[in-house]
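The values are calculated or read from the model by the stated rules, or taken from the named source; none is laboratory data. Only a predicted model underlies this, so the values are computations on that prediction, with no experimental measurement involved. Ideal geometry is used to build each Cβ from the backbone, glycine not excepted, and the neighbour counts take in all protein chains shown.
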Amino acid sequence: MIVAMQEKATEEQIDAVIDAMTEAGVGVHRTTGATQTILAGVGPTATVDLSKFELLPGVEHVHRISSPYKLAGRGFRPEGTVIEFRNGVKLGGEQILAMAGPCSIENKAQIFETAARVKAAGGTFLRGGAFKPRSSPYAFQGLGIPGLELMREAADAHGLLVVSEVMEIAQIEPMLQLVDLFQVGARNMQNFNLLRELGQVDKPVLLKRGIAATIEELLLSSEYILSGGNYNVALCERGIRTYETATRNTMDISAIPVVKKLSHLPIVADPSHGTGRRDMVAPMAKASVAAGADAIIVEVHPNADKAASDAAQTLYLDQFDKLMAELRVIAAAVGRTL
């Protein structure tokens, strides 16, 4: 259920409504927008009489949530969620962000050169994998925490934020001081124990869509994080598995406006994993920005063909420079900046 308070509702009135919802056995999640406070009630609400809440002072209207995702739905935050990071960068606002870096952190020279070029091109996040979930147990698995420490050092040296993948609960604590944005990969989209733990963390989370997941399943997975009290969640469209074999995955551009309509959460586009082909990354990135993506996340490397992982979909640094220039034109055409 959603209880929308009047614009001039007092704190006493809001607290009274929260108390009434709690007494009815409903868990309450509060969000305060630019003009009003929204109270989302989750739990056994089917038998709750909504009319008694409509009569409480300060209440504008009350309605049931028909979708299975209660907190990820746009009704919880009609104006949309904007995630603000420590350096003032905002994800979900007017500016479209660029997150770029190697699939895997390999060595100090690689990550420092990449960081310098990402910053120079206008990027805001340095991305890179320290823990790599690979299909083959014999493939490069990443450098772990030492690699993440290198990326943190490179990012700080060039005024960038850090996004990296967390694969299991035990990695959350050691990663907390090294990343600005936890990434949950496609393979872990329905790792509900991990998602619950991330719901208890005071750090934003980027949740990637599973390779065979529907949009509803993606939103339900985000609900696990949101229900824990961490509302700083962004979603990521990174391609899904279909019958098509021309590309590694099928980049579902239509998911971007669909998510924008159904949810208040920002959405990021990953054309690198979405296609698996270097020559397809730029076209899909440009299409994603035109479709309403709040950020793009792409793989770039000083020597892309020699990358330790995902070489075929990794851009050279010069290609990333060119892409950023093209994206600025498209961003301006849709009334945004990059």
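So residue 145 fits all but one of (1) within 21 Å of residue 225 (Cβ to Cβ); (2) surrounded by fewer than 20 Cβ atoms within 10 Å (Cβ to Cβ); (3) among the aliphatic types (A, V, I, L, M); what number is the exception?
(1)
Residues in the range 10-17: is at least one surrounded by fewer than 18 Cβ atoms within 10 Å (Cβ to Cβ) and closer than 21 Å to residue 74 by Cα?
Looking through the range 10-17, none of the residues is surrounded by fewer than 18 Cβ atoms within 10 Å (Cβ to Cβ) and closer than 21 Å to residue 74 by Cα.
Among the residues of the range 220-235, is any β-branched (Val, Ile, Thr), in contact with a Ser or Thr (Cβ under 6 Å, 6 or more places away or on another chain) and closer than 21 Å to residue 146 by Cα?
Narrowing the range 220-235 to residues β-branched (Val, Ile, Thr): 225, 233.
Now restrict to residues that are in contact with a Ser or Thr (Cβ under 6 Å, 6 or more places away or on another chain): 233.
Now drop any that are not closer than 21 Å to residue 146 by Cα, which leaves none.
Looking through the range 220-235, none of the residues is β-branched (Val, Ile, Thr), in contact with a Ser or Thr (Cβ under 6 Å, 6 or more places away or on another chain) and closer than 21 Å to residue 146 by Cα.
Considering (1) surrounded by 15 or more Cβ atoms within 10 Å (Cβ to Cβ); (2) more than 25 Å from the chain's Cα centre (by Cα); (3) free of Cβ contacts under 8 Å to residues at least 40 places away in the same chain, say which one residue 37 fails and leave the rest.
The number of the failed condition is (2).
Of the residues 221, 227, which is assigned by TED's automatic domain parsing to the domain that holds residue 125, buried (at least 17 other Cβ atoms within 10 Å of the Cβ) and at pLDDT below 95?
Answer to the selection: 227.
Within the range 198-215, track down each residue that is within 15 Å of residue 238 (Cα to Cα) and not β-branched (Val, Ile, Thr).
Let us first name the residues in the range 198-215 that are within 15 Å of residue 238 (Cα to Cα), namely 206-215.
Residues satisfying the conditions are 206, 207, 208, 209, 210, 212, 213.
Of these, 259, 289, which one is more than 19 Å from residue 118 (Cα to Cα) and either touching a residue at least 12 places away in the same chain (Cβ under 8 Å) or part of a helix (DSSP H, G or I) (or both)?
The match here is 259.
Please work out if residue 268 is crowded, with 24+ Cβ neighbours inside 10 Å, of a type outside the set (Ser, Thr, Tyr) and touching a residue at least 40 places away in the same chain (Cβ under 8 Å).
The answer is yes for residue 268.
Would you check which residues across the range 72-91 are crowded, with 21+ Cβ neighbours inside 10 Å and assigned to a loop (DSSP other than H, G, I, E, B) and list them?
Result: 72, 81.
Does residue 260 satisfy the criteria of being among the charged types (D, E, K, R), at pLDDT 95 or above and under 14 Å from the mean Cα position of the chain (by Cα)?
Yes, satisfied.
Count, please, the residues in the range 304-322 that happen to be over 22 Å from residue 234 (Cβ atoms), in a loop (DSSP other than H, G, I, E, B) and modelled with pLDDT under 95.
Here the count works out to 3.
Being under 18 Å from residue 184 (Cα atoms), within 14 Å of the chain's Cα centre (by Cα) and not in a loop (DSSP other than H, G, I, E, B): is that true of residue 221 here?
Yes; evaluated as a whole, the condition is true for this residue.
Determine whether residue 101 is touching a helix residue (DSSP H, G or I) at 6+ places or on another chain (Cβ under 9 Å) and over 23 Å from residue 7 (Cβ atoms).
yes
Out of the range 173-188, which residues are buried (at least 18 other Cβ atoms within 10 Å of the Cβ) and in a helix (DSSP H, G or I)?
175, 186, 188 - these are the residues of the range 173-188 that are buried (at least 18 other Cβ atoms within 10 Å of the Cβ) and in a helix (DSSP H, G or I).
Could you grab the pairs with beta carbons closer than 6 Å, sequence gap of 6+ or different chains, first residue in the range 43-65 and under 15 Å from residue 27 (Cα atoms), second one part of a loop (DSSP other than H, G, I, E, B)?
43/26; 44/25; 45/1; 45/26; 48/24; 64/1
Within the range 205-218, work out how many residues are farther than 17 Å from residue 182 by Cα and touching a residue at least 40 places away in the same chain (Cβ under 8 Å). Steps first, please.
Residues of the range 205-218 that are farther than 17 Å from residue 182 by Cα, as a first pass: 211-217.
Then keep just the ones that are touching a residue at least 40 places away in the same chain (Cβ under 8 Å); that gives 215-216.
Qualifying residue count, the range 205-218: 2.
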